[in-house]
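Right, one structure below, let's go through it.
The values are calculated or read from the model by the stated rules, or taken from the named source; none is laboratory data. Because the structure is predicted, anything quoted here is derived from the model rather than measured. Methodologically, a virtual Cβ is constructed for each residue, glycine included, from the backbone with ideal geometry; neighbour enumeration extends over all protein chains shown. To get the accessible areas, we keep the full protein, side chains included, count just its heavy atoms, and leave off ligands, DNA and RNA. Shrake-Rupley method; radii C 1.70, N 1.55, O 1.52, S 1.80 Å.
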Amino acid sequence: MEWAVDLKQHVRGIPDFPKPGILFYDISTLLRDPGAWKETVRLLVAAIEPLKPDLLAGIESRGFLIAAPVAYALNCGFVMIRKKGKLPGPTIPHTYDLEYGNDTVEIQSDAITAGQRVVLLDDLLATGGTMAAAVRLCRMVGGNVISTAFIIELDALNGRKRLDVPVTSLLRYES
């Protein structure tokens, strides 16, 4: 893909956030620049459009920011995967293990019709645990998960190895 804007120039690294030793890749600087944000959406649309998805699913909360405009541009639906207790109506939960404990994500029970082609989006792929849980959750409600997409991927954490679907990342960092 040809890029009109160097997106890495619009991602800020913040050392020792949220805790010492972590380098946080902040996309708020990318989001506030109209040219960089438009290019991000354009590149994601170009990557996802050939897959012909029926739905895009965003993972709370930055995944919503990414999936919604891409779904709009592709003229397909958008569904939310949220933390437990945040969605109204009947939901389907999936609890998954973290390094120190566990977490639960949910989707509305009627969000996906059996067999719909789904692409999941989030801002960053690190260890892959949350995305793997989201893939499983979409499958639990009948979705045909065909791919995942991210703005950023942290290669050293090997998150893509936890996913059994294709992964698209616009930016890749070693750590």
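Descriptive notes on the structure:
- Among the listed pairs Lys38/Lys86; Lys8/Lys161; Lys19/Lys52, those whose Cα-Cα separation exceeds 31 Å are Lys19/Lys52.
- Inter-probe distance in nm under a simple model that places probes 7 Å from Cα toward Cβ, at Val45 and Lys86: 2.6 nm
- Counting protein heavy atoms only, region 1-87 has 55 percent of its accessible area on carbon and sulfur, 1.4 angstrom probe.
- Sites matching trypsin sites (Lys or Arg not before Pro) across region 36-102 that sit in DSSP coil, with at most 14 neighbouring C-beta atoms within 10 Å: Lys84, Lys86
- Among beta bridges that DSSP assigns inside the chain, antiparallel share in %, nearest 5: 40 percent
- Only helices enter the 222 nm calculation for the chain: every DSSP H run of n ≥ 4 contributes -39,500 (n - 2.57), and dividing by all residues gives -7500 deg cm²/dmol, rounded to 500.
- Per DSSP, loop chymotrypsin sites (Phe, Trp or Tyr not before Pro) in region 1-90 with at most 12 further Cβ within 10 Å: Trp3
- As a rough guide to protection, the peptides 126-136, 91-101 ranked by mean Cβ packing within 10 Å, highest first, stand as 126-136, 91-101.
- Remark: the chain carries 52 Å² of accessible area per residue (probe radius 1.4 Å; ligands, DNA and RNA excluded).
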